[in-house]
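Novice: Once you've had a glance at the structure underneath, I'll fire off some questions.
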Amino acid sequence: MEERDLKVKELRNETLGKLTDGISEEEIFQNITLRPILKFQNNLLIELFISYATKNKNVFFALSIEKKYSYIDNVTIADIAFRNQLIGVIVGLFSIEEYIEYTKKSSKYNKRIITMLIERWKSQLQLLEKNPN
């Protein structure tokens, strides 16, 4: 394994989620690769969302909780450029082997990435506030 792959895997040395008999290849990839990367990149992903919301008229920050949930769903799914940027932040921390696996089912994995990211943001809504500087 190349030096980069070793360093990338060291950054996220834990598996998140259960690896039990009978789970699909996608779930294994999700728990071994995607979840640890999302956890590792959490602060950056929060800042990306805040920056996106700020650049888009600041409407998000004045919304009710339910409307914030809808906003998160809508922009993450509908804004393709933003969605691709988010996926890139995750894919950039794949090892070569993981990237090869990802390319085999990229649309399924992209859907999992976005779904998990939306759930992370909703569960950390209090962190999605504009910095007062």
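The values are calculated or read from the model by the stated rules, or taken from the named source; none is laboratory data. Remember, predicted model here, so these are calculated numbers, not experimental data. Heads up, the Cβs are rebuilt from the backbone with ideal geometry, glycines too, and the neighbour counts pull from every protein chain shown. These area figures cover heavy atoms from the full protein model, side chains too; ligands, DNA and RNA do not enter into them. Shrake-Rupley method; radii C 1.70, N 1.55, O 1.52, S 1.80 Å.
Novice: Might you tell me the accessible area per residue for segment 72-111, computed with a 1.4 Å probe and given in Å²? Before the final figure, lay out the partial values.
Specialist: Numbers: 2160 Å² over 40 residues.
Result: 54 Å² of accessible area for each residue.
Novice: Next up: Treating only the Cα positions of segment 40-85 as identical point scatterers, give the base-10 log of I(q)/I(0) from the Debye formula at each q in 0.17, 0.20, 0.24 Å⁻¹.
Specialist: The computed values of log10 I(q)/I(0) come out as -0.48, -0.67, -0.94.
Novice: Could you work out how far apart the two model spin labels at I80 and K122 are, taking each label as a point 7 Å from the Cα in the direction of the beta carbon, and quote it in nm?
Specialist: For I80 paired with K122, the spin-label model returns 2.5 nm.
Novice: While we're on this one: Trypsin sites (Lys or Arg not before Pro) within segment 1-100: which are DSSP loop residues with at most 15 other Cβ atoms inside 10 Å?
Specialist: Counting only loop positions with at most 15 other Cβ atoms within 10 Å, the trypsin sites (Lys or Arg not before Pro) in segment 1-100 are K18, K57.
Novice: Roll a 1.4 angstrom probe over the protein heavy atoms and tell me the percent of accessible area of the chain that is carbon or sulfur.
Specialist: 53
Novice: Let me ask something additional. Across bins of 10 angstrom width beginning at 0, how are the C-alpha pair distances of the chain distributed, in whole percent?
Specialist: Pair shares across the bins are 11, 41, 31, 15, 2.
Novice: Could you name the lysines whose alpha carbon sits less than 25 Å from that of K122, not counting residues in the same chain fewer than 8 places away?
Specialist: Cα-Cα hits under 25 Å: K18, K39, K55, K57, K67, K68, K108, K111, K130.
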